[in-house]
Each structure stands twice: as C-alpha cells, then as structure tokens.
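Starting off with a structure, shown below.
The values are calculated or read from the model by the stated rules, or taken from the named source; none is laboratory data. Here the structure is a predicted model, which is why all the values come from computation and not from measurement. Cβ placement follows ideal geometry from the backbone for every residue including glycine, while neighbour counts extend to all protein chains displayed. Keep in mind that these areas ignore ligands, DNA and RNA; they rest on the heavy atoms of the full protein, side chains included. Shrake-Rupley method; radii C 1.70, N 1.55, O 1.52, S 1.80 Å.
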Amino acid sequence: MVHTRFLLAFLLVVVAVATAEKRYDGYGLYRVQQSFQARRFLSNIKGLDWWSRPGPLDTPGDVMVPKDKRLAFEGTLKTRRIRYTLLSDDVQMLINAEKERQSDAIARKGKSDSRITFDRYYSHDEMNAYLDEVASKYPDIAKVESVGKSYEGRELKGITLSSGGSGKPLVFVDAGIHAREWIAPAVALYLIQELTEGSAQDLLKDVDWVILPEVNPDGYEYTRSEDRMWRKTRSKTSSEDCLGVDPNRNFDFHWMESGASSDPCDEIFAGDKAFSESEARALRDYVLANAKNAKAYLTLHSYGQYLLYPWGYDESLPDDWRDLDDLGNAMNDAIKAVRGTEYTVGSSGQALYPAAGASDDWSKGVAGVKYVYTVELPGGGFYGFDLPASEIKPVVEETLQGLRVVGQKVAGM
Ligand code: 0X9
Ligand code: ZN
C-alpha cells in the first residue's frame with residue numbers, strides 16, 4: 001500500500017515535470033545601446049538570447065538574460081560604460097500576460113466564424129486547413145501541395161497562386177523559419193487572402209506567387225504549448241539536453257563561416273552539417289522547383305524592422321546590390337506611407353551582423369534568385385515577439401504594401 005502510494009506520487013511528479021512549460025521567472029530583458037566594439041564584445045558572452053540585434057549605427061538590441069547571469073551581465077555593462085535600459089525584470093510575467101490576451105482573443109472569436117480573421121494567432125493545423133480551404137474555394141488559381149515533413153512529422157504545405165499561363169515571373173515567400181516569430185506566418189496568410197479575394201488580386205495578373213507560410217511547425221507548436229521563446233527546430237542533436245537546429249544557419253552556402261555555432265545548446269546552432277534539417281531541405285527543394293521563374297525571394301522574420309538583402313555571410317555585397325537597395329527603399333517607402341512604420345534597408349552583413357547559412361544568401365548564391373530579402377517585421381507588445389492580437393491587422397496590412405512593390409517590380413521581368 002505504502003509502495004503504491006509512493007509510486008503514484010512519483011508518477012505524478014514525473015508527469016508534472018514532463019509536461020511543465022519552460023518558465024522565465026526572473027529573466028531580465030535589456031535594451032542595450034551598443035557601439036560596434038561593445039556589440040562584438042557582448043556577442044561573445046554565452047547564455048544570452050538576442051531577440052533583436054543592434055544595428056551598426058545607434059539602433060539598440062534587446063537581449064534576454066537568465067536570472068543567474070544578470071548580476072554579472074549588469075556589472076559588465078556598467079564597467080564597459082554601455083548604456084542600457086531594463087525592459088522587464090521578469091520575462092515570465094510578460095508571457096503570462098500575453099497568454100491571457102491570446103485566450104481573450106480566442107474567446108471573442110465565436111464558434112461559427114470559419115474564415116481567417118487576423119485577430120489572433122493560428123495553430124499549424126489551422127494554417128494548413130486554411131490553405132486547403134483556399135484551394136477548394138479557388139481551384140482555378142490555387143494549388144496546395146505537400147512539400148515535405150517536419151522532424152516530428154507535420155506536413156509542410158505550400159501554395160501556388162497563379163491566374164494561368166506559363167513562364168510568368170514568380171515571387172517566392174516563406175515564413176516561420178524561426179518558431180517564436182509569430183507575426184511572420186500571419187503576414188504570409190494575409191498575403192494569400194489578399195491575393196485570392198482581397199485588395200491584391202491585381203498582382204496575380206502578371207506574376208505567380210508561391211508561399212510556404214510555416215517552415216518550422218514543430219518549433220511553432222512548441223512555442224504555443226511549451227516554451228514561448230523557442231527559435232529552432234525540434235530535432236535530436238548530439239547533446240541529450242539540447243534539441244534543435246537554427247534552420248537559418250543550416251543552408252549550404254558559406255555554411256558555418258560566421259555568426260553560427262557548432263554547439264547544440266546555442267540558439268544559432270547550425271547543425272552537424274548543412275541541410276541536416278528536413279525543414280531546410282524542404283524549403284530548399286521548393287525554391288529549386290520554382291527557381292527558373294523566381295525573380296524574388298522573401299523570407300519573413302521578426303523583429304526589428306529591417307529589409308535585408310545579401311550578403312549575410314560577411315560584409316561584402318553582390319554586384320547588383322544597387323538594384324536590391326533601390327527596391328528595398330521602394331518597399332520601405334510604400335510601407336511607411338501607410339502609418340509611418342520605417343524600416344532600415346541594407347545588406348545583412350552590414351546593417352545587422354554577419355551570419356552564414358541563412359536561406360536568403362542560399363537563394364541568391366545557389367538558386368540564383370535576383371531580388372532576395374529577409375524582412376524583419378515590427379515587434380511590439382510587452383516584448384518583441386508578442387505583438388498583441390490587435391496589432392496583427394495593422395502590421396499585415398502595411399507589410400502587404402511592401403510586398404505589392406515587389407510584385408510590381410518583377411511583373412515586367
Ligand atoms: O539571424 C537571423 O537568422 C535573422 N534575424 S532573426 O532575428 N529573425 O533571427 C537575420 C538573417 C539575415 N540574413 C543573413 N544573415 N544571411
Ligand atoms: Zn528569424
């Protein structure tokens with residue numbers, strides 16, 4: 001009897017531990033103003049999680065610091081005279097508040113509404129169901145295909161939107177490479193909605209669109225239930241304690257040359273080899289299948305409001321960088337005209353930081369797409385990744401104006 005009770009208690013503890021969501025009690029969130037030297041120095045400190053990186057000029061970066069490292073971290077900032085503000089003293093409180101808001105939004109939704117509404121974030125299953133819904137509603141223009149499976153077996157569905165004819169220039173868009181950047185898939189879904197039945201239908205006349213709204217569904221679902229701050233995939237690594245690879249360091253172009261880690265416990269772990277991740281391979285193959293006509297490749301991330309073009313593996317520029325810079329600035333102008341949101345336009349290596357093995361560099365360097373951009377969407381809410389549900393609509397709407405400019409540009413190519 002005593003035995004059974006002990007066993008039961010033990011089992012309960014095991015279950016509780018196994019299902020416990022990752023907590024961030026006492027984690028600090030800092031906004032750090034950095035000079036170039038300070039940036040280099042800070043990026044060498046282990047155990048920090050950069051949510052947005054500081055730009056080379058005076059734009060600050062946001063970094064999350066675990067509780068037990070905060071004293072030392074603040075000490076370092078002070079001795080090095082690096083200016084900072086404490087955005088949050090307890091990241092867990094921010095996560096709790098977000099949860100409450102999210103569930104309010106779901107409660108408001110009402111059961112009968114099957115259409116996508118952009119007043120809350122959707123699960124991976126809901127996103128896939130939406131793609132199927134579009135395909136059955138608009139069979140003449142929409143084709144949904146399975147382009148691979150995630151590590152945990154979720155289906156990666158892509159959609160091709162075309163008004164017919166062959167050989168039209170094509171824009172390829174993906175989102176959700178990084179799990180916690182929730183606003184990115186929302187923008188991709190909005191683009192699909194507007195191209196099929198909204199204000200962007202005209203863009204289908206001369207251009208085809210191929211969209212993969214959720215590259216990393218395992219990570220995404222993990223952020224919904226277990227750890228809001230998860231970034232990587234969920235694959236097994238050589239370390240028992242640390243799962244996942246940064247899919248945006250896993251592409252085979254200057255792989256591991258800069259801004260990437262060989263330590264599975266790091267947020268920017270590049271994988272044991274290039275294309276170790278099924279999600280990165282699926283994206284690679286989908287881009288290659290469309291490479292002949294693809295004139296633009298846009299990969300949606302957050303946050304920081306950057307329009308970044310190659311190269312990202314170092315500070316060098318492609319020969320046609322002026323074209324990319326011009327179109328980037330035109331996108332920025334169009335977005336800004338909506339409600340004043342401004343992006344920084346530049347190459348990843350120069351405007352952000354060198355990081356090799358990302359999907360953007362690979363798409364230009366290997367797949368040969370001309371206009372390639374990583375779009376770092378706006379952050380917001382209590383913390384950057386937690387754009388409140390009420391902010392989804394304004395962000396997806398203004399971003400669409402930037403995407404429109406890309407569509408117009410490639411139309412004549
Ligand atoms: O670091 C990244 O993967 C991207 N930023 S994020 O905050 N969303 O993680 C930027 C990638 C820019 N492109 C290259 N460095 N090639
Ligand atoms: Zn990202």
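Using a cut-off of 16 Å between alpha-carbon atoms, which lysines can reach Lys295, once sequence neighbours fewer than 8 places away in the same chain are excluded?
Lys168, Lys205, Lys364, Lys370, Lys409
Additional query: As a test question: what accessible area, to the nearest 10 Å², does Glu315 have when a 1.4 Å probe is rolled over all protein chains in place?
Its accessible surface works out to 90 Å², give or take rounding.
Please give the per residue accessible area of the chain, computed with a probe of 1.4 Å over protein heavy atoms only, in Å².
Numbers: 17800 Å² over 413 residues.
Per-residue accessible area for the chain comes out at 43 Å².
Could I ask something else about it? Could you tell me whether region 141-260 comes out rounded, prolate or oblate from its Cα gyration tensor? Rule is a ≥ b ≥ c as square roots of the eigenvalues, rounded for a/c under 1.5, then prolate if a/b exceeds b/c, otherwise oblate.
Because a/c hits 1.5 or more and a/b exceeds b/c, region 141-260 counts as prolate.
Looking at region 115-410 only, what percent of DSSP beta bridges run antiparallel? Nearest 5 please.
Around 35 percent of the beta bridges assigned by DSSP in region 115-410 are antiparallel ones.
Suppose every K and R has +1 on its Cβ and every D and E has -1 on its Cβ; what is the size of the dipole of region 319-413 about the Cα centre, in Debye to the nearest 20? Let's see the in-between values first.
Values: 8 positive and 14 negative charges, 46 e Å.
Dipole size: approximately 220 debye.
Relative contact order for region 115-410: what percent, with Cα pairs under 8 Å and sequence separation of 6 or more?
Relative contact order here is 21 percent.
Dipole of the chain, Cα-centred, from +1 at each Lys and Arg C-beta and -1 at each Asp and Glu C-beta, to the nearest 20 debye?
Dipole of the chain, to the nearest 20 debye: 580 debye.
On the first, second and third principal axes, largest extent first, how far apart are the outermost C-alpha atoms of the chain in Å?
On the principal axes, the chain reaches 73, 56, 41 Å in Cα extent.
Assuming a ≥ b ≥ c are the square roots of the Cα gyration tensor eigenvalues, decide whether region 229-270 counts as rounded (a/c under 1.5), prolate (otherwise, with a/b larger than b/c) or oblate.
Prolate, since a/c reaches 1.5 and a/b exceeds b/c.
Please report, as a whole percent, how much of the solvent-accessible surface of the chain comes from carbon and sulfur atoms (probe radius 1.4 Å).
Whole-percent figure for carbon plus sulfur exposure: 52.
Give the aspartates and glutamates reachable from Lys143 as a straight Cα distance under 14 Å; neighbours fewer than 8 places away on the same chain don't count.
Excluding near neighbours in sequence, the set is Asp132, Glu133, Asp208.
For region 44-97 and region 224-248, what is the separation of their Cα centres, given in Å?
Result: 21 Å between the Cα centres.
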